[in-house]
Amino acid sequence: MAKDPKNNNQGDLLEDIKDELKEPEMWRVVLLNDDYTPRDFVVEILVSIFHKQPIEATKIMLDVHKKGRGMVGIYPYDIGRTKVAQVTQLARGTHAHRRVAGCYRKNSDSSKQCRER
């Protein structure tokens, strides 16, 4: 089959696009403890927003209560940020407030970009 002179670089273009695609950076979503948020509310958001089973949600809630924080999951930045925003919005609409959730780089404890208060 003869090459079309108008599209002689088509293969190069496809190769360049494949080279640019990469896996998204992953972030840990962490719930932080405070003195105001009821335990039942924490379990409720873990079940409704993060789709955790009630037993797993209770375990994470106990980690938050006893250790000061509990890891909810690992997500791409945009998804983690959206979930943090959903938790914050729900918390502000109810009795819960303060340090509700944060996102941390998967391999770091710093929370420079994805944190709600």
(request) For segment 61-78, indicate whether the set of residues that are under 21 Å from K22 (Cβ atoms), at pLDDT 85 or above and assigned to a helix (DSSP H, G or I) is non-empty. (result) yes
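Tell me the residue from L62, L46 that is loosely packed, with under 15 Cβ neighbours inside 10 Å and without any contact (Cβ under 8 Å) to a residue 40 or more places away in the chain, please. Break it down stepwise before answering.
On the way: L46 fails: loosely packed, with under 15 Cβ neighbours inside 10 Å.
Going through L62, L46 in turn, just one is loosely packed, with under 15 Cβ neighbours inside 10 Å and without any contact (Cβ under 8 Å) to a residue 40 or more places away in the chain: L62.
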(request) For segment 74-89, enumerate the residues that are under 8 Å from the mean Cα position of the chain (by Cα), within 17 Å of V42 (Cβ to Cβ) and of a type outside the set (A, V, I, L, M, F, W, C). (result) K83
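The values are calculated or read from the model by the stated rules, or taken from the named source; none is laboratory data. Just so we're clear, the structure is a prediction, and the values are computed from it rather than from any experiment. FYI the Cβ positions are ideal-geometry reconstructions off the backbone, even for glycines, and counts take in every protein chain you see.
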